[in-house]
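The values are calculated or read from the model by the stated rules, or taken from the named source; none is laboratory data. Everything numeric here is computed off the predicted structure, so don't read it as measured data. Glycine gets a Cβ as well: all are built from the backbone with ideal geometry, and neighbour counts include every protein chain shown. In case anyone asks, the SASA skips ligands and DNA or RNA and just uses the protein heavy atoms, side chains included. Shrake-Rupley method; radii C 1.70, N 1.55, O 1.52, S 1.80 Å.
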Amino acid sequence: MSHKVIAFHYKLTDTAGKTLDQSDSNEPLAFMTGGGQIIPGLESVLVTMNTGDKRRVEVEAKDAYGERDITRIMNVNRSQLPEGEVAVGDIFHGPNGDVVTVTAVALESITIDANHPLAGQKLIFDVEIATVRDATKEEVAHGHAHGADGHHQH
Ligand code: ZN
């Protein structure tokens, strides 16, 4: 399978119209197709677009960050966590790259939610394609894009 590198500008909003994220106005976000770098529901549309195309893409939760899984919401004993203040909204990064959000704090226990913060949400992307090119051998070997021009250092 041949890989492309697509660079695009985007604005991400929720269904209420609140802006959740957007690309840097000077530097579009570049990703390599087939690398699992962006959510599948967005990639499947971007690969059909050409340079300069603009489009609104609505992605259902299952094709974005997945449905919320209640088994990923857990109570843990305070003694299992490091000493110190813990507050609702605190975010921890788990050992396997999970993002864990504190959703409730009680005297003895803390409720944490290991769902992605955007799980269960339909996402709306306004996108504009900046550039499309073939991936370099190096990018294919690394499994990710090296920026819009292919010379991004990392
Ligand atoms: Zn690389």
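Take the Cα coordinates of the range 57-154, assign each an equal point scatterer, and use the Debye formula without solvent to give log10 I(q)/I(0) at q = 0.10, 0.11, 0.16 Å⁻¹.
For the range 57-154, the Cα-only Debye profile gives -0.48, -0.56, -0.86.
Net charge within 9 Å of T101 by Cβ-Cβ distance, Lys/Arg positive one each and Asp/Glu negative one each, not counting T101 itself? Display every interim value, and only then the final one.
On the way: positive: none; negative: D90, D113.
Within the 9 Å Cβ shell, the charges total -2.
Once you charge only the Cβ atoms, +1 for Lys and Arg and -1 for Asp and Glu, what is the size of the charge dipole of the range 70-113 about its Cα centre, to the nearest 20 debye? Mind showing how you got there, number by number?
Working: 2 positive and 6 negative charges, 26 e Å.
Taking the Cα centre of the range 70-113 as origin, the dipole is about 120 debye.
If you count only protein heavy atoms with a 1.4 Å probe, what accessible area per residue comes out for the chain, rounded to a whole Å²? Please report the intermediate quantities before stating the final value.
Numbers: 9500 Å² over 154 residues.
Solvent-accessible surface per residue comes out at 62 Å².
Any idea which of T51, H151, I124 is furthest toward the positive side of the dipole for the chain, if Lys and Arg beta-carbons carry +1 and Asp and Glu beta-carbons -1?
Positive-end residue among those listed: T51.
What does the charge add up to near A114, with Lys and Arg as +1, Asp and Glu as -1, over the other residues with Cβ less than 14 Å from its Cβ?
Working: positive: R68, R72; negative: E67, D69, D90, D98, D113.
Result for the local shell: -3.
Only Lys, Arg, Asp and Glu count, each charged at its Cβ (+1, +1, -1, -1), so figure out the dipole size of the chain about its Cα centre, rounded to 20 debye.
On the way: 13 positive and 23 negative charges, 73 e Å.
Around 340 debye, computed over the chain.
Which peptide among 95-105, 136-146 comes first, and what is the full order, when sorted by highest mean count of other Cβ atoms within 10 Å? Provide the component values of the computation, followed by the final result.
Values: 95-105: 12.5, 136-146: 15.0.
Per-residue Cβ counts within 10 Å, averaged per peptide and sorted highest first, yield 136-146, 95-105.
Quick one: work out Rg over Rh on the C-alpha atoms of the range 70-113, Rh as Kirkwood radius. Walk me through the intermediate numbers first.
Numbers: Rg = 9.9 Å, Rh = 10.7 Å.
My calculation puts Rg/Rh at 0.93.
Once label points are set 7 Å from the Cα along Cα→Cβ at both N75 and K11, what is their separation, rounded to one decimal in nm?
Once both label points are built, they end up 4.4 nm from each other.
Could you work out how much longer the chain between H3 and D98 gets when fully extended? Use 0.36 nm per residue separation minus the Cα distance between them, nm to one decimal. Write down the numbers at each step before the final one.
Details: separation 95, 0.36 × 95 = 34.20 nm, distance 2.74 nm.
Fully extending the segment from H3 to D98 adds 31.5 nm.
Could you tell me the relative contact order of the chain? Use alpha-carbon pairs under 8 Å, at least six residues apart, and round to a whole percent. The partial results should precede the final answer.
On the way: 294 pairs, mean separation 55.7, N = 154.
After rounding, I find 36 percent.
Under 5 Å between amide hydrogens, which residues at least 5 positions from V105 or on another chain qualify, with H placed 1.01 Å from N in the peptide plane?
Correct list: T111.
For an R0 of 22 angstrom, estimate the FRET efficiency from the Cβ-Cβ distance between T48 and D149 and round to the nearest 0.05.
Using R0 = 22 Å, I get an efficiency of 0.45.
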